[in-house]
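Q: I have a structure I would like to understand better, so I am pasting it below and will then ask my questions one at a time.
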Amino acid sequence: MVQVSTALKSNDFRLATPAALAAYRESILAERDPNRTIIIVCHGTGCRANNSPKVADALRRAVAAAGLNAQVIPEIKDTGCHGFCSRGPLVVFQPSGLFYQKVQPEDVEEIVQKTLIEGTPVERLLYADPETGEHVVHDRDIPFYKYQQRLVLSNIGKIDPVDLRDTIAAGGYQSLVKVLTSMTPDEVITMVEDSGLRGRGGGGFLTGRKWRMTAEHGRETPGPVYILANGDEGDPGAFMDRTLMEGDPHAVLEGMLIGAYAIGSSEGYIYVRAEYPLAVKTLRQAILSAREAGLLGENILGTGFSFDLKLNLGGGAFVCGESTALMASIEGKPGEPRAKYIHTVEKGLWGRPSNLNNVETWANVPLIIAKGADWYRDIGTEGSKGTKIFSLVGQVKNVGLVEVPMGVTIKDLVLRIGGGVPEGREFKAIQIGGPSGGCIPQAHWDLPIDFDSLWDAGAMMGSGGMIVMDNSTCMVDVAKYFLEFLIDESCGKCIPCRLGLQRMREVLKEFSAGRGSLEDLEELDSLARAIKDGSLCALGGSAPNPVLATLRYFRDEYEAHILHHKCPAAVCKELITYAINPELCNGCTACARECPQGAITGTKKEPHALNASLCIKCGICFEVCKFGAVTVA
Amino acid sequence: MITFSINGKEVQGQEGWTILEVARWHGIEIPTLCHHGALEPYGACRLCVVEVNDGKRSRVVISCMYPIRTGINVQTDTPRVLNVRRWIVQLLLDESPESPKIRELAQTLGVTPSRFQKKGVDFACHLCGLCVRVCQEVVGVQALSFSNRGLRKEISSPFHTASKECLGCGTCIYICPTGAMEQVFLRVHG
């Protein structure tokens, strides 16, 4: 990563006034040649895992070794996640937008020779349209990016997240200057209220209203008011908040500063899980450099406004994403929720008014301030304004992080941006809202994605995790999987969640073994409602959702298990059998060699046979057979 | 004074009181398990659920913690409330079929053991936390605490070693509604 500039390291560097920030920005921009090529290497977690730091190193070495003419020596920049994780490591040339995918260190020499010296693209590294096979040169023309509206993510993949100069050059902290120099706290709250922004953490509560309530409670009694950011993203398959914290940490800081000014707070916390080491490192660096520059701490930009932040690392309990459990955790207590009949805006952290917003919510704030509430209101639907970031994972071709306006349909998201499910499979359902969200089937895929329509459909926005499922997925198994996750993550305080979820799992286990009766379905439904009504916090209150939603949309699949002892997707082990079709088997021996049980026998080039009494249904034979001769039913 | 209604009957209570306190004052029965008049409410057993309508919406809340508000309409025995209560007692009965308190609750609500009934455990701990709270709030020591989470959550002394703080006063055994404390006590007191 690029070191923080030396200017920031000297002790006398402190932006004392808004004018000093403006002058500093001018000086950074003046140093830069807008036409200079910048080679951007994605350093998101996915690309890092696939070697991107080595690609960047190789690029730096190759560029230096090539001895390019001084006029065109490109800058090589490490940035946060570009979102197209399934194609990483990604290398993008700016300002042209030339886009290379799956780049490895050994590709670097060719890139330097062809692209930098000869000025032609390396075709084999370009994105190829899966339909036509045609190469797409620029990122903006790739369907995955073309149909997105990247506003909150706009800087990610362009700026170096740990170089404050880069953030400032891109317009960072301009919204803070605007509120500090030209708006009253009440005007800021009104603007956020007017924008219609709703909390991105899952609840969808109106952010401006929450701010106003916290501010009012804060004025009622003397003492501190706390500003908190929830970065305890724990849903399986979700990485929206992580990407924001890793890729544009100053946007989160700026949002919190604006919130602090509006609400009247001088102290805040970012709660981030320790399993996000890169996010922790980036945030820590961002806080340090913002503090050194006078953008955080006492008398910010000489305006008299003071606010400082601490990072609080969570131990990775899913329930600590719940507001009261999160606050208990910051206080040093076990991460258990409490009843919220007196809301945290009145009595939150250490019994004081506290405003907790999700990381993504905070990152929306500087945009609203910069462009105005009316601009923001024009994006999205009647009840859900702005854009939303989703992590699109599962059985979809383009796995990654996407940002779309609220109201986009599931179909558009899965087909146009996600590229559909892999060849030969069929889209079956999409799980929205994390483990306690719900599965929405293909029949409803014209549903617009916004807070209210998802809620009505039995799912929820949650924090924005989306798992695409195809016809190889068994919905009873899916419900069981999410229940098991939530049982593991339940804090165990209240009885409906601790014992009720376990009972639901026991019933589902019977179903997946082909036992149970239709009355059990009614019992399951009534237990699910008891858990929803009776649980202490939102984890328990929403935990039965996967079961309720699959019961609602895939009741036939439950009935197939119970009445006909069949698993239609051939997933539930106790209900399936493997066999070898002698007409398709050519005796390649692959299955017999891999079978851990020795259940498959046969001579070379002759059809093999599977002994069902030895078979443990591990499915390895099915996976290794290249001729479709192993069948499962 | 705050005026509101429970089961259609107009009742009054003081600012800061909970629904349960007002209900008991007026002789209206609401079952509880983790509640004790001498201790701070904890909200774990959820047996004391009631349905509250504040004019805007109706929701199920726990009466031991919900602060009374003017004009609310409280119902203690709606189908939603009874569904929650029955399931809690069902789950508890299957965990510890011999506990007198649970059997009594089960009889009142017409709950009988299910096919999921645990074998070999007669007096399971329900983690109501009365022992932990009484040790801290009334006795004034902290010999007991919760450890682990979820299904593995249990009552123990800190770090699972015999507690130096424990006076051996037996208040925890006295307050335990299921009889499970007797076993835990032997480990805590050492």
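The values are calculated or read from the model by the stated rules, or taken from the named source; none is laboratory data. Remember, it's a predicted structure, so these values are computed and weren't measured experimentally. With ideal geometry, Cβ positions are generated from the backbone for all residues, glycine too; neighbour counts draw on all protein chains shown. Only protein heavy atoms, including side chains, enter the accessible area calculation; ligands, DNA and RNA are left aside. Shrake-Rupley method; radii C 1.70, N 1.55, O 1.52, S 1.80 Å.
Q: Out of A:V108, A:V92, report the one residue that is in a strand (DSSP E or B), hydrophobic (A, V, I, L, M, F, W, C), in contact (Cβ under 8 Å) with a residue 24 or more places away in the chain and open to solvent by less than 10 Å² (accessible area, probe 1.4 Å).
A: Values: A:V108 fails: in a strand (DSSP E or B).
Every option except A:V92 fails the conditions.
Q: With respect to A:L278, is the statement that it is assigned to a helix (DSSP H, G or I) and modelled with pLDDT under 95 true? Break it down stepwise before answering.
A: Working: assigned to a helix (DSSP H, G or I): yes; modelled with pLDDT under 95: yes.
Spelling it out, A:L278 is indeed assigned to a helix (DSSP H, G or I) and modelled with pLDDT under 95.
Q: A further question on this structure: Do you know which of the residues in region A:167-199 that are touching a His at 6+ places or on another chain (Cβ under 9 Å) and not aliphatic (A, V, I, L, M) is nearest to A:K77 (Cα to Cα)?
A: Going through the qualifying residues, I end up with A:T167.
Q: Is it true that B:I30 is at the interface with chain A (Cβ under 8 Å from one of its Cβ atoms), hydrophobic (A, V, I, L, M, F, W, C) and either closer than 28 Å to B:G140 by Cβ or within 12 Å of the chain's Cα centre (by Cα) (or both)? Steps first, please.
A: Details: at the interface with chain A (Cβ under 8 Å from one of its Cβ atoms): no; hydrophobic (A, V, I, L, M, F, W, C): yes; either closer than 28 Å to B:G140 by Cβ or within 12 Å of the chain's Cα centre (by Cα) (or both): yes.
So B:I30 fails the test.
Q: Here's something else I'd like to know. Look through region A:242-260, keep the residues that are in a helix (DSSP H, G or I) and among the acidic types (D, E), and return whichever of them is farthest from A:E275 (Cα to Cα).
A: Within region A:242-260, the subset in a helix (DSSP H, G or I) is A:242-247, A:249-260.
From the residues that got through so far, the ones that are among the acidic types (D, E) too are A:246, A:254.
On the way: A:E246: 13, A:E254: 24 Å.
That would be A:E254.
Q: Being outside the structural domain of A:D235 (by TED's automatic domain parsing) and at positive phi is true for just one of A:G465, A:G492. Which residue is that? Give the derivation first.
A: Details: A:G465 fails: at positive phi.
Every option except A:G492 fails the conditions.
Q: I'm told A:I40 meets every condition in (1) within 14 Å of A:K77 (Cα to Cα); (2) in a helix (DSSP H, G or I); (3) of a type outside the set (D, E) except one. Can you identify the failing condition by its number?
A: (2)
Q: Another question about this same structure. Quick check on B:L130: is it buried (at least 18 other Cβ atoms within 10 Å of the Cβ) and under 17 Å from the mean Cα position of the chain (by Cα)? First the steps, then the outcome.
A: Values: buried (at least 18 other Cβ atoms within 10 Å of the Cβ): yes; under 17 Å from the mean Cα position of the chain (by Cα): yes.
So B:L130 fits the description; yes.
Q: Here's another thing I want to ask about it. What tally of residues in region A:301-344 results from selecting those that are more than 21 Å from A:R284 (Cβ to Cβ) and part of a loop (DSSP other than H, G, I, E, B)? Spell out how you get there, then give the answer.
A: Step one: filter region A:301-344 for residues more than 21 Å from A:R284 (Cβ to Cβ), giving A:301-305, A:317-319, A:322-325, A:327-328, A:331, A:333-344.
Still in the running and part of a loop (DSSP other than H, G, I, E, B): A:303-305, A:317, A:322, A:331, A:333-344.
Number of matching residues: 18.
Q: For A:C474, are the conditions met, namely being on the phi < 0 side of the Ramachandran plot, buried (at least 24 other Cβ atoms within 10 Å of the Cβ) and either within 14 Å of another protein chain (Cβ to nearest Cβ) or not hydrophobic (A, V, I, L, M, F, W, C) (or both)? Even if it seems obvious, please write down each step before you answer.
A: Values: on the phi < 0 side of the Ramachandran plot: yes; buried (at least 24 other Cβ atoms within 10 Å of the Cβ): yes; either within 14 Å of another protein chain (Cβ to nearest Cβ) or not hydrophobic (A, V, I, L, M, F, W, C) (or both): no.
Criteria not met by A:C474.
Q: Do the conditions hold for B:R24, that is, is it surrounded by fewer than 22 Cβ atoms within 10 Å (Cβ to Cβ), in a loop (DSSP other than H, G, I, E, B) and basic (K, R)? If you could, list the steps in order and put the result at the bottom.
A: Numbers: surrounded by fewer than 22 Cβ atoms within 10 Å (Cβ to Cβ): yes; in a loop (DSSP other than H, G, I, E, B): no; basic (K, R): yes.
It is false that B:R24 is surrounded by fewer than 22 Cβ atoms within 10 Å (Cβ to Cβ), in a loop (DSSP other than H, G, I, E, B) and basic (K, R).
Q: Still on this structure, please answer the following. Before we move on, is A:P74 farther than 30 Å from A:V393 by Cβ, modelled with pLDDT under 90 and within 29 Å of the chain's Cα centre (by Cα)? Reasoning before the result, please.
A: Numbers: farther than 30 Å from A:V393 by Cβ: yes; modelled with pLDDT under 90: yes; within 29 Å of the chain's Cα centre (by Cα): no.
Against the criterion (farther than 30 Å from A:V393 by Cβ, modelled with pLDDT under 90 and within 29 Å of the chain's Cα centre (by Cα)), A:P74 does not qualify.
Q: Looking at the structure I just gave you, is A:S463 open to solvent by 10 Å² or more (accessible area, probe 1.4 Å) and touching an Asp or Glu at 6+ places or on another chain (Cβ under 8 Å)?
A: Numbers: open to solvent by 10 Å² or more (accessible area, probe 1.4 Å): yes; touching an Asp or Glu at 6+ places or on another chain (Cβ under 8 Å): yes.
Here the answer is yes, as A:S463 does meet what is asked.
Q: Which one of these is touching a Gly at 6+ places or on another chain (Cβ under 6 Å) and of a type in the set (V, I, T): B:V132, B:V84?
A: Working: B:V132 fails: touching a Gly at 6+ places or on another chain (Cβ under 6 Å).
That would be B:V84, the only listed residue that is touching a Gly at 6+ places or on another chain (Cβ under 6 Å) and of a type in the set (V, I, T).
Q: What helices (runs of 4 or more DSSP H) lie completely within region B:64-163 and have 3 or more residues being within 11 Å of another protein chain (Cβ to nearest Cβ)? Talk me through it step by step, then tell me what you get.
A: Working: elements: B:79-95, B:100-109, B:130-134.
Filter on region B:64-163 gives B:79-95.
Q: While we're on this one: Hey, could you check region A:338-356 for residues that are small (G, A, S) and more than 11 Å from A:M213 (Cα to Cα) and say which is farthest from the other protein chains (Cβ to nearest Cβ)? Don't jump to the end; show me each part of the working.
A: First, pick out the residues of region A:338-356 that are small (G, A, S): A:339, A:348, A:351, A:354.
If we keep only those that are more than 11 Å from A:M213 (Cα to Cα) too, we end up with A:339, A:348, A:351.
Numbers: A:A339: 5, A:G348: 16, A:G351: 14 Å.
Looking at residues that are small (G, A, S) and more than 11 Å from A:M213 (Cα to Cα), I get A:G348.
Q: So in region A:253-275, with the set limited to residues that are charged (D, E, K, R) and open to solvent by less than 30 Å² (accessible area, probe 1.4 Å), which one is modelled with the lowest pLDDT?
A: Going through region A:253-275, the residues charged (D, E, K, R) turn out to be A:254, A:267, A:273, A:275.
Remaining after also requiring open to solvent by less than 30 Å² (accessible area, probe 1.4 Å): A:254, A:273.
Details: A:E254: 97, A:R273: 92.
So, considering only residues that are charged (D, E, K, R) and open to solvent by less than 30 Å² (accessible area, probe 1.4 Å), the one modelled with the lowest pLDDT is A:R273.
Q: Let me ask something additional. Of all residues in region B:36-63, which are more than 10 Å from chain A (Cβ to nearest Cβ), over 19 Å from B:G8 (Cα atoms) and in contact (Cβ under 8 Å) with a residue 24 or more places away in the chain?
A: Initially, region B:36-63 is screened for residues more than 10 Å from chain A (Cβ to nearest Cβ), giving B:36-40, B:48, B:50, B:53-58, B:63.
Then drop every residue that is not over 19 Å from B:G8 (Cα atoms), which leaves B:36-40.
Hits for region B:36-63 are B:H36, B:A38, B:L39, B:E40.
Q: State which residue is nearest to B:D77 (Cα to Cα) when the search covers only region B:114-127 and only residues that are open to solvent by 70 Å² or more (accessible area, probe 1.4 Å) and free of Cβ contacts under 8 Å to residues at least 24 places away in the same chain.
A: Within region B:114-127, the match that is nearest to B:D77 (Cα to Cα) is B:R115.
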